[in-house]
Each structure stands twice: as C-alpha cells, then as structure tokens.
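Visitor: Let me begin by handing over the structure; questions about it come next.
The values are calculated or read from the model by the stated rules, or taken from the named source; none is laboratory data. Keep in mind that this is a model prediction, so the values were computed, not measured. Glycine gets a Cβ as well: all are built from the backbone with ideal geometry, and neighbour counts include every protein chain shown.
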Amino acid sequence: MTRSQRDGGGDCPAAAYLRQQPENLVVNGYRNCVAGLAHRDLRYWDAAMSAHAQALGAIDGQYALDVMTSLIERVGVCATCPLRFYKPGTGHLCRDECLVLGMVAGAQHGDEIAMVQSAKLLTCSDACIEVVDRASAYAAVLLGHGHRLTPIPLGAIADIDFRSSSFASSQSSASLH
C-alpha cells in the first residue's frame, strides 16, 4: 500500500517523530511552557496542563509540568540568548527542542553522555547539573506512566550542534537561539 501526502507519507521526519505520544508530550509541553513564560498567556499553560493531565493524571501531570517549567527557567537564566521554540502543534523541531528531547530520552535510557551533552549545548556549565537533574525528574514521571521516548544517539546530538553552528556562522549573528 502506498501512502499519499494526505495520510502523512510526505511528512518531514520531525512530523512523524512528533506523532509519537511521549515525544509530542515533551515537545509541546516545552513549547507551551516557553510560550506561556514569553507571552504571559494562560492559554499556553492550560494547553500544557491539559495534555499532561490526560497523559499522566492530574497530580503527576501537574508535577511534571512544574518540573518542565523549572527546567526551562533554569536554562533560561543561563542562556546567552532567548530559548527557541516553534508554535505548539508545529510539525518541525528546532535545535533547542531537539536538545530537550536529548536530555529526557538520555535520562530514560541511561545514556548519561547524550543527556549531559544536550544539557551542555543548552546551558552554561554552572547550571548543567541542575538542568540534568530536572530533565531526569521529568523523564522519570513520564517513564512511570509508560511514556518512553525513542533513544537519541550521541551522533544525532553532535549533528544538531554541527548544523546549528554551521547555520550560525553563515548568518550575520553568531547565535542561532
């Protein structure tokens, strides 16, 4: 059976990846939290809470969202420029979203190297331990409810860094995010 553009066969790899519930929960949770902080709009918080409560229950959903918000706030304090994100529901992934996925997937799969490398690419070394701890706590809640992310190999994280560095050096600004 062949797939048509309409049934998803023509999607970019990110769109197919985001159809997986654990990955979608992480990415859209991140997007809604960052958008909620950036725009001070409760609609983003409500969307994030609704998705987390549906997937994890009200109590664990609230806890997971609190941990995600804490993670974003900590990364945001140390970042040299604002965190990047796509609009919730978008079928693409930006560098920072990929790195958050790298931390959470690394924590769930015991891949400390991928988890730490993702954290180092997002934040300063002073905050790295706190960021990894928060990503690990979020990953544990998801895993406790059977939401296991696909592993992200270290090579993919290195490629994300390489591509974003190449893009940044070709732009007038030295920063991608």
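Visitor: Going through the stretch 8-46 one residue at a time, which ones are of a type in the set (A, V, I, L, M), surrounded by fewer than 19 Cβ atoms within 10 Å (Cβ to Cβ) and either in contact (Cβ under 8 Å) with a residue 24 or more places away in the chain or outside any helix (DSSP H, G or I) (or both)?
Guide: Correct list: A14, A15, L37, A38.
Visitor: Within the stretch 76-87, does at least one residue satisfy the condition of being within 16 Å of the chain's Cα centre (by Cα), assigned to a helix (DSSP H, G or I) and either surrounded by 19 or more Cβ atoms within 10 Å (Cβ to Cβ) or not small (G, A, S) (or both)?
Guide: Looking for residues that are within 16 Å of the chain's Cα centre (by Cα), assigned to a helix (DSSP H, G or I) and either surrounded by 19 or more Cβ atoms within 10 Å (Cβ to Cβ) or not small (G, A, S) (or both), one finds none in the stretch 76-87, hence no.
Visitor: Inside the stretch 141-162, can you point out the residues that are in contact (Cβ under 8 Å) with a residue 24 or more places away in the chain and of a type in the set (D, E)?
Guide: Within the stretch 141-162, D161 is the sole residue that qualifies.
Visitor: Does the stretch 88-106 hold any residues that are more than 10 Å from the chain's Cα centre (by Cα) and buried (at least 22 other Cβ atoms within 10 Å of the Cβ), and which are they?
Guide: The answer is G106, and nothing else.
Visitor: Can you name the residue in the stretch 107-135 that is crowded, with 19+ Cβ neighbours inside 10 Å and among the hydroxyl-bearing types (S, T, Y) and, of all such residues, is farthest from the chain's Cα centre (by Cα)?
Guide: That would be T123.
Visitor: If you go through the stretch 65-72 one residue at a time, do you hit one that is in a helix (DSSP H, G or I), more than 17 Å from Y30 (Cα to Cα) and under 14 Å from the mean Cα position of the chain (by Cα)?
Guide: no
Visitor: What tally of residues in the stretch 88-108 results from selecting those that are touching a Leu at 6+ places or on another chain (Cβ under 8 Å) and either on the phi > 0 side of the Ramachandran plot or part of a loop (DSSP other than H, G, I, E, B) (or both)?
Guide: Final tally of qualifying residues: 2.
Visitor: Can you find a residue that is out of contact with any Cys (no Cβ under 9 Å at 6 or more places or on another chain) and not in a helix (DSSP H, G or I) anywhere in the stretch 55-64?
Guide: yes
Visitor: For the stretch 16-36: of the residues being touching a Leu at 6+ places or on another chain (Cβ under 9 Å) and of a type in the set (A, V, I, L, M, F, W, C), which is farthest from G144 (Cα to Cα)?
Guide: V34
Visitor: What's the total number of residues in the stretch 141-173 that are modelled with pLDDT of 95 or more, part of a helix (DSSP H, G or I) and either in contact with a Gly (Cβ under 7 Å, 6 or more places away or on another chain) or surrounded by 15 or more Cβ atoms within 10 Å (Cβ to Cβ) (or both)?
Guide: Residues meeting the conditions: 3.
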